[in-house]
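The values are calculated or read from the model by the stated rules, or taken from the named source; none is laboratory data. Being a predicted model, the structure only gives us computed values, none of them experimental. With ligands, DNA and RNA removed, areas are computed over all heavy atoms of the protein, side chains included. Shrake-Rupley method; radii C 1.70, N 1.55, O 1.52, S 1.80 Å.
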Amino acid sequence: MLIAGFPAGAWGTNCYLVAPAAGEECVIIDPGHEAAPGVEEALKKHRLKPVAVVLTHGHLDHVASVVPVCGAHDVPAWIHPEDRYMMSDPEKALGRSIGMQLMGELTIGEPDDVKELTDGAKLDLAGLELTVAHAPGHTKGSVTFGLPEAADIPPVFFSGDLLFAGSIGRTDLPGGDMAEILDSLARVCLPLDDSTVVLSGHGPQTTIGQERATNPYLRQVAAGLGAQEAPRRGM
């Protein structure tokens, strides 16, 4: 399997290109702010042909390059219906103080072909099987994508802004909810095998085992404690 990732734009959002191997079809995950040049560079370097863009959620830093990337390659974008409005109205999703800072630099709106994600769906794209899990808390329509173990490759978990190395996504923006994100952590992350590689929306890769042992939020939900007892995140 080939996974090419790079941080893009003002927020350093991780964009991933996933394919069975170099020279084959691929899926693009979260082409955010200023990600289009990096996408094109990775496509050329690995001789990849995109067949779809899939989005972990609708925040601007994850979707800002969806229109140019989908338009350049005539591919659909997949997003959960509860976050779909964010592609056309990032100010409503982020609040004016954040959303308006970059509005003049962006192509706002939906690509020509938008498909909606559902919890538990299995997307057969580019020779891959991505399992979708609805994981609200950071936004109402946040999702994660899982790839099963294959040969000598451990399972891979694209966590978006649900789970980071040592932390979790913020819950203070419109649609955020601490109780919901803790429930999502317990329901979506805790059942995963410790060997699962976590590729998140921001920051370095980690594993479920590492986060189970050291992440204060996963430790909290594993202990069965709710939102009132959860630590306050610093990011």
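Express the accessible area of the chain per residue in Å², computed with a 1.4 Å probe while the remaining protein chains stay in the model.
Heavy-atom SASA per residue in the chain reads 43 Å².
Please list the equivalent ellipsoid semi-axes of the stretch 1-140, computed as the square roots of five times the alpha-carbon gyration tensor eigenvalues, in descending order and whole angstrom.
In descending order the semi-axes read 23, 18, 12 Å.
Using only alpha carbons, build the gyration tensor for the chain and give me the equivalent ellipsoid semi-axes, biggest first, whole Å.
26, 22, 15
Over the chain, what relative contact order in percent results from Cα pairs under 8 Å that are six or more residues apart?
With pairs under 8 Å counted, the relative contact order is 14 percent.
Relative contact order (percent) for the stretch 1-74, with alpha-carbon contacts under 8 angstrom and 6 or more residues of separation?
Relative contact order here is 29 percent.
With the chain treated as a Gaussian network of Cα nodes joined by springs under 10 Å, which of Pro31, Pro76, Pro68 yields the largest mean-square fluctuation?
Pro68
What ³J(HN,Hα) values, in whole Hz, does the Karplus curve 6.51 cos²θ - 1.76 cosθ + 1.60 give for the stretch 73-87 when θ = phi - 60°, with x put for Gly and Pro?
Result, ordered by residue: 10, 6, 10, x, 10, 10, 8, 5, x, 6, 10, 4, 4, 5, 5 Hz.
When a/c is below 1.5 the answer is rounded, else prolate if a/b is larger than b/c, else oblate, so apply that to the stretch 86-225 with a ≥ b ≥ c taken from the square roots of the Cα gyration tensor eigenvalues.
Oblate.
If you build a Gaussian network model of the chain, linking Cα atoms that sit under 10 Å apart, which residue out of Ile208, Ile153, Ile108 swings the most?
Result for the chain, Cα springs under 10 Å: Ile153 fluctuates most.
Using a Gaussian network model of the chain whose springs link C-alpha atoms within less than 10 Å, name the residue from Gly209, Gly160, Gly58 with the highest mean-square fluctuation.
Gly209
Take the solvent-accessible surface of the protein heavy atoms, probe 1.4 Å, and return the percent of it on the stretch 1-153 that carbon and sulfur atoms account for.
On the stretch 1-153, the fraction of accessible area on carbon and sulfur atoms equals 49 percent.
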